[in-house]
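Data block below; observations after.
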């Protein structure tokens, strides 16, 4: 009879157990399929909406009112905001999409181009109650493709302990920011998020100095054949950015997260960003106010984003979907329910006039001077080249005029290749 020492016996047991489990582990690693998303689709017995979870209370209340009026149940599936678009692209063409989604206007280039959303029919009375900038945002190739309900754009947060009142011009604001640093009152005078260049947050600098991204045609649509990053104003904007970097006022190391921490700690005087930062600022307890970005050679025009309701072009209930948007969402009561669920800058002007939140009211003034972020597919060719140009200026690696001119030329070449 064979005998084993205790340590050897334990080793053999472990080896045997692993040998027995190895096939099962290998099977799990190679044969277990990835989970398939489960979608609640459009069907004739109900109206289906896909949205992020924040708006759920408002959508449930609107759904109950719709059901009472039409006798049709409303089903709401929640998912991550970005997942709404991705899942619509997966599900809609094969009949697994909803009737309505809540999404962003800059999705339109992709969704309209793929035939996934249908035009929205809105009466003159409804349109008269909507912010014109938001309507422009959801208008694509001359047609309205969504019912907007909220807007957003970037402005200035400033520490009111350091700056009781923000100066009216960019030059005065920059001088004050420098003085606060020189006097030791602030660790940093001003911050603009610059991760990957962050063209979005630098758009007001371009437009404030007279530059532009795309021109517009006679109907007000963005014209991708007219790239204006290297226009006289665009070059002036990059030279101003370079001046601030060389002066040490702007720094590549101060990204969004660093700027947020510094502002919360009272060490940053001026922070240029949007309403999404409000919650954290309020929780920090730092004294602050919100204002539009001061005048440069022109009034800065930031990109405006808008969110709204879109109809799936594969919906089996297109008329009911349209009725939900125009009869229930596009009302004072419907917009108030949405605002109560997640406060925002309203695209519904009757609601906007009643807001008592001074910060959101200040951002609403910023929106009024902004331009919708381009939703055209050609915009995808812009972000990387433009961002790279901003980055190399922050890093002191290129002449500003050369950097932005090369970026603009790269964009033109990319767009030309797409047309051929």
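To keep it simple, each residue is scored yes or no on (1) under 30 Å from residue 238 (Cβ atoms); (2) under 17 Å from the mean Cα position of the chain (by Cα).
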site: 348; (1), (2): no, no
site: 363; (1), (2): yes, yes
site: 371; (1), (2): yes, yes
site: 379; (1), (2): yes, yes
site: 392; (1), (2): yes, no
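Could you list all residues from region 175-193 that are surrounded by fewer than 22 Cβ atoms within 10 Å (Cβ to Cβ) and touching a helix residue (DSSP H, G or I) at 6+ places or on another chain (Cβ under 6 Å)?
Across region 175-193, there are no qualifying residues.
Please state which one of 408, 398, 416, 385 is at pLDDT below 95 and either part of a loop (DSSP other than H, G, I, E, B) or touching a helix residue (DSSP H, G or I) at 6+ places or on another chain (Cβ under 8 Å) (or both).
398
Mind checking which residues of region 194-203 are assigned to a loop (DSSP other than H, G, I, E, B) and surrounded by 23 or more Cβ atoms within 10 Å (Cβ to Cβ)?
The answer is 194, and nothing else.
Considering only residues that are out of contact with any strand residue (DSSP E or B) (no Cβ under 7 Å at 6 or more places or on another chain) and more than 18 Å from residue 281 (Cβ to Cβ), look in region 336-348 and name the one that is surrounded by the most Cβ atoms within 10 Å (Cβ to Cβ).
Going through the qualifying residues, I end up with 337.
Being more than 23 Å from the chain's Cα centre (by Cα) and either in contact (Cβ under 8 Å) with a residue 60 or more places away in the chain or surrounded by 16 or more Cβ atoms within 10 Å (Cβ to Cβ) (or both) is the filter here; which residues of region 266-307 pass it?
Selection gives 266, 267, 268, 269, 286, 287, 288, 295, 296, 297, 298.
Quick one: which helices (runs of 4 or more DSSP H) lie wholly within region 103-184 and hold at least 3 residues that are more than 21 Å from residue 343 (Cα to Cα)?
Per the criteria, 108-113, 124-128, 170-182.
Of all residues being assigned to a loop (DSSP other than H, G, I, E, B) and in contact (Cβ under 8 Å) with a residue 60 or more places away in the chain in region 249-265, which is surrounded by the most Cβ atoms within 10 Å (Cβ to Cβ)? Just the residue, please.
In this case the residue turns out to be 250.
Name, by its number, the condition in (1) free of Cβ contacts under 8 Å to residues at least 40 places away in the same chain; (2) within 21 Å of the chain's Cα centre (by Cα); (3) assigned by TED's automatic domain parsing to the domain that holds residue 116; (4) in a helix (DSSP H, G or I) that does not hold for residue 319.
With (1) free of Cβ contacts under 8 Å to residues at least 40 places away in the same chain; (2) within 21 Å of the chain's Cα centre (by Cα); (3) assigned by TED's automatic domain parsing to the domain that holds residue 116; (4) in a helix (DSSP H, G or I) applied to residue 319, the lone miss is (2).
Any chance you could count how many residues in region 48-82 are surrounded by 14 or more Cβ atoms within 10 Å (Cβ to Cβ) and free of Cβ contacts under 8 Å to residues at least 12 places away in the same chain?
Of the residues in that region, 1 qualify.
Determine whether region 367-375 contains at least one residue that is out of contact with any strand residue (DSSP E or B) (no Cβ under 7 Å at 6 or more places or on another chain), without any contact (Cβ under 8 Å) to a residue 12 or more places away in the chain, outside any strand (DSSP E or B) and closer than 29 Å to residue 249 by Cα. Spell out the reasoning first.
Looking only at region 367-375, we keep the residues that are out of contact with any strand residue (DSSP E or B) (no Cβ under 7 Å at 6 or more places or on another chain), and these are 368-369.
Keeping just the survivors that are without any contact (Cβ under 8 Å) to a residue 12 or more places away in the chain gives none.
The answer is no, given that none of the residues of region 367-375 is out of contact with any strand residue (DSSP E or B) (no Cβ under 7 Å at 6 or more places or on another chain), without any contact (Cβ under 8 Å) to a residue 12 or more places away in the chain, outside any strand (DSSP E or B) and closer than 29 Å to residue 249 by Cα.
How about region 133-144: which of its residues are in contact with a helix residue (DSSP H, G or I) (Cβ under 7 Å, 6 or more places away or on another chain) and crowded, with 24+ Cβ neighbours inside 10 Å?
Hits for region 133-144 are 137, 138.
Only one of 236, 277 is out of contact with any strand residue (DSSP E or B) (no Cβ under 9 Å at 6 or more places or on another chain) and either in the same structural domain as residue 391 (by TED's automatic domain parsing) or outside any loop (DSSP other than H, G, I, E, B) (or both); which?
Only one candidate passes the filter, namely 236.
Quick check, is residue 271 under 30 Å from residue 97 (Cα atoms) and not assigned by TED's automatic domain parsing to the domain that holds residue 120?
Working: under 30 Å from residue 97 (Cα atoms): no; not assigned by TED's automatic domain parsing to the domain that holds residue 120: yes.
Judged against the criteria, residue 271 is not a match.
Could you tell me whether residue 130 is touching a helix residue (DSSP H, G or I) at 6+ places or on another chain (Cβ under 6 Å), surrounded by 13 or more Cβ atoms within 10 Å (Cβ to Cβ) and not assigned by TED's automatic domain parsing to the domain that holds residue 192? Spell out how you get there, then give the answer.
Working: touching a helix residue (DSSP H, G or I) at 6+ places or on another chain (Cβ under 6 Å): no; surrounded by 13 or more Cβ atoms within 10 Å (Cβ to Cβ): yes; not assigned by TED's automatic domain parsing to the domain that holds residue 192: yes.
No, not satisfied.
Restricting attention to region 286-306, does a residue exist that is in a loop (DSSP other than H, G, I, E, B), more than 30 Å from residue 226 (Cα to Cα) and assigned by TED's automatic domain parsing to the domain that holds residue 210? Step through it out loud before you land on a result.
Within region 286-306, the subset in a loop (DSSP other than H, G, I, E, B) is 286-287, 292-294, 296-302.
After this cut, where a residue has to be more than 30 Å from residue 226 (Cα to Cα) as well, the list is 286-287.
Filter once more, so that each one left must be assigned by TED's automatic domain parsing to the domain that holds residue 210: 286-287.
Yes, region 286-306 contains a residue that is in a loop (DSSP other than H, G, I, E, B), more than 30 Å from residue 226 (Cα to Cα) and assigned by TED's automatic domain parsing to the domain that holds residue 210.
Which condition from (1) closer than 21 Å to residue 290 by Cα; (2) not in a loop (DSSP other than H, G, I, E, B) is the one that residue 245 breaks?
(1)
The values are calculated or read from the model by the stated rules, or taken from the named source; none is laboratory data. Owing to the predicted nature of the structure, the values given are computational and were not obtained by experimental measurement. Using ideal geometry, Cβ is built from the backbone for each residue, glycine included, and neighbour counts are taken over all protein chains shown.
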